Amino acid sequence: MNERALKTLEYYKIIERLASQAGSSLGREKCKNLLPSSNLDEIRTMQKETSDALARILQKGSLSFSGIPDIRASIMRLKVGGTLGPEELLRISSLLTAALRAKSYGSRGEEVEADSLSERFEMLEPLSPVNNEIRRCIISEEEIADDASPALKSIRRAIRAANDRIREELSSIVNSQQNRGMLQDTIVTMRNGRYCLPVKSEYKNQFGGMVHDQSATGSTIFIEPMAVVRLNNELRELALKEQGEIEKILEELSAMAGEHADDLDFDQKTLAEFDFIFARASLSRQMKASEPSFNDRKIIDIKKGRHPLIDPHKVVPIDINLGKDFDLLVITGPNTGGKTVSLKTVGLFTLMGQAGLHIPAFDGSQLSVFREVYADIGDEQSIEQSLSTFSSHMTNTVSILKNADEDSLALFDELGAGTDPTEGAALAMAILSSLHNRGIRTMATTHYSELKVFALSTEGVSNACCEFDVATLRPTYRLLIGIPGKSNAFAISSKLGLPDDIIEDARARIGTQDKSFEDQISELDQKRIDTEREYMAANEARAEAEKLKKRLAEKNERIDKAKEKILREANENAREILQGAKDYADDVIRKYNKWSTQGGIGKEMEAERSALREKLGDTDERLAVKAGKKSNMKETSPEDFKVGDTVMVLSLNLKGTVSTLPNAKGDLYVQMGVLRSLVNIKDLEHVEEEKTQEKRSTQAGKIKMSKTLTISPELNIIGKRVDEAIPELDKYLDDAYLAHLPKVTIIHGRGTGALRDAVQAHLKRTKYVKSYRIGGFGEGDHGVTIVEFK
């Protein structure tokens, strides 16, 4: 890729931002050396790596590469068997620690799919035994741990003991009354690695020992007393032994690391590569960028592209395409309207994409691979080379025409400007025609109307313009493809206060053809604006309709759910009320049966009837369906009811017979089977039946009432034959079940057991018999069978 285009399109500014995302010197070095590639497979691989790293950052957070050292020189020394110092070994340890951190970050669970980085993460070798041994032996760059080896620990123990003996000896000399007067100061100092005492110069011959140094004035002589010379010699020997043992330890650590020199080299290169890849991903995240898809058909389709070097809060996204329906795009419009930014956006996106970087555009954007990108953008007037603006641009254009081919992308800003407009427009059309005929993808900006006509009349060439709002005198920076631009010089001048007569005079000086062309552009532009407004209004209306439709559907769903809930609760409440009334009525009937066998109706039965009436009245008030049924009833009066009429008691949903005439309140007694209840005429409805049916029903009710009052809880069939006893037993069981007796006793005697077996066989076939058993002690033993009903 030519250096001129990289500088013109500000590619290196993107590289500077990329390098700032790297955490290590090796990663930054790779970022700074990044150049666009023209190999499609390599580009797609780099784009995939960037996307996979971005996915990991979004899922797990960023991976730190700070502190990764450059150990290339140390690896070379290890490969030839050299010994490394503590500082170099600690840098190897830092690299291995970073490798362990990266390997842990790159580990994936069973449910996570492998990506383009997984294999390299797995191949990292943290060399934990080597790293742990280095950390155990070396505390810092200046200090080796005592526990690095048993010999070193022993030597340092001896050094500490020798130091203690020397201090004790020197302390005794310093505190001696004989020597105190000869000392300049009562301190112990070191000279040339040996312990000395500061002695006054006049006593140097009297104070026995070895002179090692003197003060600047010569008044103090530093003498090693003879008493500690031997101890200092011993200490010196121990120091030499210590240094030798340290060198031995470093040699062993270097040998251990040297066995894995290739692994260390791989780890360093892989971590540097990871730093480079994750820097690209971090830049993508910062720019809110996405991965473009690449093709080899020379098609560019950028969706909502944002120039990465413009303030994100001010940049206006543009849609731009090239190479599908046309291979030459001519952009027109006023100055500062965004034409040059559109050119640079396409060129910079192409360079970034081919370098493996994501572009700040929507998903689905497409780029193509170009071997070269040529850009003639900006004023490159050169005084030193005696080149005018036109000459400078033309020099670049000549170079582009000479070197460009169908694998090139050519970008021209203000093509043909800086000279006579007529000649400049003609040159521009000729240059663009040449590039178009050679199949070179080209974009050019211009102010020449002739180029607009050229784009309209030439196949494979399209106009585009940067929209301008005349009302505010501001560009909108929107790129509109397929529409030629308008200079808006008259409108802008009028807004700025130029007199109308001058503007009208200027209009009159424009040729009829040019004026007609500009009017057509204005008319097309106005129609476009009106169409866009109508389209936006239609979209808003459709969105509002969808919203209302959704709200109506949600409302209907809530109503249906509420309706179902209300009906379900009402049915459940009605079922509970009716079941309670039924259970209560069954209990009363059982009591009536009990009282009837004990000698008739007494005070207890009357009290129970009163309680039953109260219960039925309470049920009448609670039952919700009563109101609904009342609404369908005809209004009735006391005169409509006579004794013997068949009526329906609505609150109980039971038929009955009127027993008394209504009183002043409209209350009357209704006989419903065994129940006789006081009911208001508002809760009654006549049942339309034939008189014969009414009589039959009344007679049946009387028979049922008679059976209920006279049925006995036991049946004695002793002495009867089987063919006589079974019909009588069958009739008795029916009457007892209709009278709601809970259980009865069948007395059949012991005898031969034939009658008992026949009775039990009949009971077994009777459906409403719940169970039967032989009587127990006190009940008749084997002479009776106790029967319980369902």
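The values are calculated or read from the model by the stated rules, or taken from the named source; none is laboratory data. Everything quoted here is computed from the prediction, not taken from an experiment. FYI the Cβ positions are ideal-geometry reconstructions off the backbone, even for glycines, and counts take in every protein chain you see. The protein model used for the area step is the full one, side chains on, heavy atoms only, and it has no ligands, DNA or RNA in it. Shrake-Rupley method; radii C 1.70, N 1.55, O 1.52, S 1.80 Å.
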Kindly indicate which of MET190, MET210 is under 26 Å from LEU152 (Cα atoms), hydrophobic (A, V, I, L, M, F, W, C) and part of a strand (DSSP E or B). MET190
Do we have LEU84 as in contact with a Ser or Thr (Cβ under 8 Å, 6 or more places away or on another chain), closer than 30 Å to ASP147 by Cα and part of a helix (DSSP H, G or I) here? no
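Quick one: would you say GLU224 is buried (at least 16 other Cβ atoms within 10 Å of the Cβ), acidic (Asp, Glu) and modelled with pLDDT under 90? Spell out how you get there, then give the answer.
Numbers: buried (at least 16 other Cβ atoms within 10 Å of the Cβ): yes; acidic (Asp, Glu): yes; modelled with pLDDT under 90: yes.
Yes, satisfied.
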Of the conditions (1) modelled with pLDDT of 85 or more; (2) assigned to a loop (DSSP other than H, G, I, E, B); (3) open to solvent by 40 Å² or more (accessible area, probe 1.4 Å); (4) more than 30 Å from LYS767 (Cβ to Cβ), VAL643 clears all except one; give me its number. (1)
If a residue must be open to solvent by 30 Å² or more (accessible area, probe 1.4 Å) and either in a loop (DSSP other than H, G, I, E, B) or not β-branched (Val, Ile, Thr) (or both), how many such residues does segment 743-755 contain? 5
I'd like to know if segment 756-765 contains one or more residues that are of a type in the set (Val, Ile, Thr) and outside any helix (DSSP H, G or I). no
Failed condition for PRO308, given (1) open to solvent by 30 Å² or more (accessible area, probe 1.4 Å); (2) under 18 Å from LYS32 (Cβ atoms); (3) touching a strand residue (DSSP E or B) at 6+ places or on another chain (Cβ under 9 Å), with all others met? (1)
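Can you find, within segment 718-737, the residue that is surrounded by the fewest Cβ atoms within 10 Å (Cβ to Cβ) among those that are in a helix (DSSP H, G or I) and of a type in the set (Gly, Ala, Ser)? So that I can check it myself, show each step before the final result.
Residues of segment 718-737 that are in a helix (DSSP H, G or I), as a first pass: 722-737.
Adding the requirement that they be of a type in the set (Gly, Ala, Ser) leaves 725, 736.
On the way: ALA725: 20, ALA736: 23.
The selected residue is ALA725.
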Between a residue in segment 763-778 that is farther than 12 Å from THR745 by Cα and any residue that is assigned to a loop (DSSP other than H, G, I, E, B) and open to solvent by 50 Å² or more (accessible area, probe 1.4 Å), which pairs come within a Cβ distance under 8 Å, given they are 6 or more apart or on different chains? TYR768/LYS790; VAL769/LYS790; LYS770/LYS790
With the condition kept exactly as written, say whether any residue in segment 380-390 is modelled with pLDDT under 90 and in a helix (DSSP H, G or I). yes
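Residues in segment 173-182: is at least one buried (at least 16 other Cβ atoms within 10 Å of the Cβ) and of a type in the set (Ser, Thr, Tyr)?
Within segment 173-182, the first condition is being buried (at least 16 other Cβ atoms within 10 Å of the Cβ), and the residues that meet it are 173-174, 179, 182.
Right, trim to of a type in the set (Ser, Thr, Tyr) and you get none.
There is no residue in segment 173-182 that is buried (at least 16 other Cβ atoms within 10 Å of the Cβ) and of a type in the set (Ser, Thr, Tyr).
Just checking, which of ALA19, ALA99 is among the aliphatic types (A, V, I, L, M), within 27 Å of SER368 (Cα to Cα) and either in contact (Cβ under 8 Å) with a residue 60 or more places away in the chain or open to solvent by less than 20 Å² (accessible area, probe 1.4 Å) (or both)?
On the way: ALA99 fails: within 27 Å of SER368 (Cα to Cα).
Checking each option against the conditions leaves just ALA19.
Residues of segment 155-172 being open to solvent by 50 Å² or more (accessible area, probe 1.4 Å) and charged (D, E, K, R), which ones? Break it down stepwise before answering.
Start the filter on segment 155-172 by keeping residues that are open to solvent by 50 Å² or more (accessible area, probe 1.4 Å), which leaves 157, 160, 164-165, 167-169, 171-172.
Passing the criteria: ARG157, ARG160, ASP164, ARG165, ARG167, GLU168, GLU169.
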Take LEU96 and tell me if it is modelled with pLDDT of 90 or more and within 30 Å of LYS48 (Cα to Cα). yes
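Conditions tested, residue by residue: (1) in contact with a strand residue (DSSP E or B) (Cβ under 8 Å, 6 or more places away or on another chain); (2) modelled with pLDDT under 80.
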| position | (1), (2) |
| --- | --- |
| VAL470 | no, yes |
| ARG474 | yes, yes |
| LEU496 | no, yes |
| ASP501 | no, no |
| SER516 | no, yes |
| ASP525 | no, yes |
| ILE529 | no, yes |
| ARG542 | no, no |
